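Working notes for the structure below.
Just so it is clear, none of the values below were taken in a lab; they were calculated from the coordinates. The structure presented is a predicted model; accordingly, all values stated were derived computationally and were not measured. As a convention, Cβ positions derive from the backbone with ideal geometry for all residues, glycine included, and neighbour counts pool all protein chains shown.
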């Protein structure tokens, strides 16, 4: 799907039809010269943009461009890419340099041919029927598409490539393993699904499949497993899957007539980071920070410090358990998390600005859920803590896509982060207590501090907290290597702060390069753990 990225009406109409309220769109530019009029581009980013893989690259957008605001609302970055098919070149007139000298080439939103949360249409007949309400016109082709494959999304971190989504151009290029593996299938997680096949010293990760809650995505997953297994001649002797009993991937694994290995979600994250960095089977301190993962105690984990190897793990610290009113539905309404956390901790919120826009009856229902422990599962999630702070600070009470509140909080924080003082916090018996931290946020809101400063202090707090726990763990164990994994580490501000502080403290720090830190890299960790299971 394409539209004029400089036309606000066209972009808004595409959002309306596609059902994509706020998530940023990617933009295609005719060439690097045109792109540089709109975005800051360094040498490493230019090399990535012009390489043969042609991913979408996150770039800092320049001030006062004519890109429509609603292409990437409330963002300071833009997902930019260059043409990678002959059709793209024709659309953008890149082939005619004389024409380009006379007028500025068009700048186009380029997004997948689907409604939000549905698989990409890959068949002409299906597209004409299913996407008729979405597209004004169709350009059809007689060349069949056999496999759905999204664009890869990446950014440059220093001089390193970092994946947010690993797909076209990179998958299924193998990750080299530091050990000989048995034929293994790891089916990944429920969200941002990828799967992994291992053979000898190679791990073949699939392209981004998507969120498995959609029946068509699940069918695509099954087809891709069959195709890649045949392509790489892997007949699995082991199938690894998430411990969560309700995942569709778990159900798929249970149907296979091979040995099953359930793998804890956050252990898989740390193992993926270790394999990404070609580590052998030794223990590291793993900071596994994300939104949701099924814990060994049945609670929702997500702010975990593990002592982990491929063979096993020990949970040495975690965020304080707090209630998640409404369960998974709360992730779409950060205000519910903020109110639920405050109710559990005995914090007063009624005078805060974000509360004034909320329905009083809805607020009381959330508080009753917490008091009576009704549909309010316990969570130690770092992602949910970001949501709570973003809501308290007035950034966003409701979201239209995953991690929107946290992403916008980071954007606002960047100008304040250097020199911002951390909030107070306590660590007791391996549990990070959050009452003092959230009270500090509330006090800053009451004193009318800007949301960006509150966010900056919050980022500094998490960094200080992580470093303190790592130092304490090193004192107890002598382990000096730290692996950072989980979707929260896609936050570049937090990653840079923490990595630098840990390195200054003489830690060896590992993060992801070949695979995403989010659940898109989870299957790699599942596969290597399964190969070390007895």
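Brief remarks on what is shown
- The calculated 222 nm mean residue ellipticity attributable to helices in the chain amounts to -10500 deg cm²/dmol, summing -39500 (n - 2.57) over DSSP H runs of n ≥ 4 and dividing by all residues.
- For the pair residue 375 and residue 115 in one chain, pulling the backbone fully straight at 0.36 nm per residue adds 90.5 nm over the alpha carbon distance.
- Inter-site label distance for residue 328 and residue 89 at 7 Å from Cα along Cβ, in nm: 4.5
- Here the label points at residue 506 and residue 281, each 7 Å from Cα along the C-beta direction, are separated by 3.1 nm in the simple model.
- Rounded is the label for region 328-401, because the ratio a/c of its alpha-carbon gyration tensor axes (a ≥ b ≥ c) stays below 1.5.
- Each of 75, 382 was scored by other Cβ atoms within 10 Å of its Cβ. Arranged with the fewest first, they read 75, 382.
- Three-way shape label, region 2-162, alpha-carbon gyration tensor, a/c 1.5: rounded
- For residue 360 and residue 492, a Förster radius of 45 Å and the Cβ-Cβ distance give a FRET efficiency of 0.75, rounded to the nearest 0.05.
- Rg/Rh for region 237-282 (Cα atoms only, Rh after Kirkwood) is 1.05.
- Compactness of region 322-510 was expressed as the Cα radius of gyration divided by 2.2 N^0.38 Å, which yields 1.03.
- Its alpha carbons considered, region 347-453 gives a radius of gyration followed by a Dmax of 14.6, 42 Å.
- Extension gain (nm, one decimal) between residue 433 and residue 130, 0.36 nm per residue minus Cα-Cα: 104.1 nm
- For region 2-162, relative contact order (Cα pairs under 8 Å, six or more residues apart, normalised by length) works out to 32 percent.
- Segment residue 13-residue 260, extension gain: residue separation times 0.36 nm, minus the distance between their alpha carbons: 84.2 nm
- Size estimate for the chain follows the Kirkwood approach: the inverse of mean 1/r over distinct Cα pairs works out to 24.2 Å.
- Listed peptides 424-434, 8-18, 236-246, 383-393 appear in the order 383-393, 236-246, 8-18, 424-434 once ranked by packing, highest mean of other Cβ atoms within 10 Å at the front.
- For the pair region 406-467 / region 111-190, the C-alpha centres are spaced 36 Å from each other.
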